[in-house]
Amino acid sequence: MIPITKVEIGERERQLVAEVLQSGGLAQGKYVAEFEKMFGHMIMSKYTVATSNGTTALFLAMKTLGIGEGDEVITTPFTFAATVNSILETGATVRLVDIEEDSFLINCNELGSMSQSHIRAIVPVHMFGQPADMDLICSFAERHDLRIIEDAAQAHFATFQGRAVGTFDVGCFSFYATKNVTCGEGGMVSTNRGDEFEWLRILRNQGMRDRYDYAVPGYNFRMTELQAAIGLGQLERAEAMIVGRRLNARLLSSLLADIDEITVPFVKSNREHAWHQFTIKLDIDVLDRAHFVEILNARGIGTGIYYPRSITEYEAYSGHPRVLCDDDSIARRVARQVVSLPIGPYLEARDLEEIAIACKIAVMESRK
Ligand SMILES: *Cc1c(COP(=O)(O)O)cnc(C)c1O
């Protein structure tokens with residue numbers, strides 16, 4: 001079986017976790033500080049604040065920027081629910097902007113026509129590891145005096161014009177078990193602003209400036225030393241893992257290039273993809289997706305459907321008074337076409353050849 005994801009825990013992670021257990025200090029301490037420092041250094045962000053997970057990172061970032069009731073926050077309907085949930089949790093209203101058909105990223109052409117009065121921030125999702133158009137997003141934000149909170153949960157070390165995602169204003173990352181870098185569960189907020197860095201730290205820890213010195217009512221979003229120890233071990237191998245993903249993506253793209261019924265992932269210019277997922281689109285006028293997936297799985301190839309629906313297709317959101325959406329027709333269409341294939345650094349050339357052969361067979365056998 002070639003799995004769609006495989007968590008790889010190295011000797012270094014084991015060693016660091018053993019050190020933490022030995023020390024007896026399990027709650028946030030020097031390993032978390034070291035993890036923040038190393039990650040910040042790698043993305044060249046001035047300040048980084050580790051959190052319990054990626055969702056709390058997004059929520060904490062928005063609370064720190066003062067986003068709440070009466071504010072509107074732009075994001076896309078083709079994302080994991082955490083993006084939308086974290087905005088709703090602040091009390092703000094979500095404004096969903098449709099994606100581009102070829103890249104799965106927010107369609108920046110749609111931004112100009114929006115009425116701006118209540119919009120406070122934009123949350124671009126670097127979907128599957130590909131950076132959104134940060135040039136257009138930054139100029140839009142500047143023009144309307146908005147903040148940018150990048151949802152970089154899937155895009156550790158991806159770059160736009162040579163600059164790491166998460167460093168354009170405020171960035172949020174996830175270290176969930178299946179992400180490119182993992183702590184089991186974990187998150188990170190990055191910022192270049194010292195005043196906001198202080199508030200991120202205060203709000204993360206019950207609103208305390210110092211022990212029992214409460215500045216405001218806050219939260220407990222702290223990361224544990226055990227999480228940080230795993231993350232530190234992962235960061236030491238991150239460069240090799242990302243190179244592996246990029247090589248695999250290039251090879252798999254070329255192996256699938258001559259199949260008319262499959263569109264391989266489109267990489268836009270001026271950026272380096274993190275390849276969290278390698279997501280193809282099927283010509284569903286010709287192919288039956290469920291059948292296509294079944295054939296791949298039967299041949300031992302793991303697959304994922306990310307995401308099976310646009311956010312607005314769930315009652316939880318379509319009926320929500322604080323979720324607004326004019327048009328998500330592209331997100332809805334794309335959700336019916338996508339299939340993610342294995343791409344992790346644990347794959348070898350012959351695995352990728354096997355995946356490509358299985359895709360060719362599945363195309364022939366899943367014709368409607
Ligand atoms: C994983 C993910 C999150 C949330 O991260 P958790 O660590 O699971 O809370 C947010 N946004 C996107 C796009 C994600 O893929």
Of the residues that make up segment 117-127, is at least one more than 16 Å from the ligand (Cβ to nearest atom), within 21 Å of F266 (Cα to Cα) and surrounded by fewer than 22 Cβ atoms within 10 Å (Cβ to Cβ)? no
From the set of residues in segment 155-177 that are within 11 Å of the ligand (Cβ to nearest atom), part of a loop (DSSP other than H, G, I, E, B) and farther than 21 Å from A33 by Cβ, which is nearest to the chain's Cα centre (by Cα)? A155
Condition check for Q22: within 30 Å of P342 (Cβ to Cβ), more than 16 Å from the ligand (Cβ to nearest atom), modelled with pLDDT of 95 or more and among the polar types (S, T, N, Q): no
Yes/no for P321 being part of a loop (DSSP other than H, G, I, E, B) and either free of Cβ contacts under 8 Å to residues at least 60 places away in the same chain or surrounded by 20 or more Cβ atoms within 10 Å (Cβ to Cβ) (or both): yes
Quick one: S113 ticks every box in (1) more than 16 Å from the ligand (Cβ to nearest atom); (2) out of contact with any strand residue (DSSP E or B) (no Cβ under 8 Å at 6 or more places or on another chain); (3) modelled with pLDDT of 95 or more except a single one, so which number is it? (3)
The correct count of residues that are of a type outside the set (D, E, K, R), part of a strand (DSSP E or B) and away from the ligand (no atom under 16 Å from the Cβ) in segment 178-211 is 3
Can you find even one residue in segment 106-125 that is within 22 Å of S174 (Cα to Cα) and free of Cβ contacts under 8 Å to residues at least 40 places away in the same chain? yes
Tell me whether segment 176-190 contains one or more residues that are of a type outside the set (F, W, Y), modelled with pLDDT of 95 or more, in contact with a Leu (Cβ under 7 Å, 6 or more places away or on another chain) and under 21 Å from H41 (Cβ atoms). yes
Taking the condition over 19 Å from C172 (Cα atoms) and crowded, with 21+ Cβ neighbours inside 10 Å, does V97 pass? yes
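The values are calculated or read from the model by the stated rules, or taken from the named source; none is laboratory data. This one's a predicted model, so the numbers in the text were calculated from it and none came from an experiment. Glycine gets a Cβ as well: all are built from the backbone with ideal geometry, and neighbour counts include every protein chain shown.
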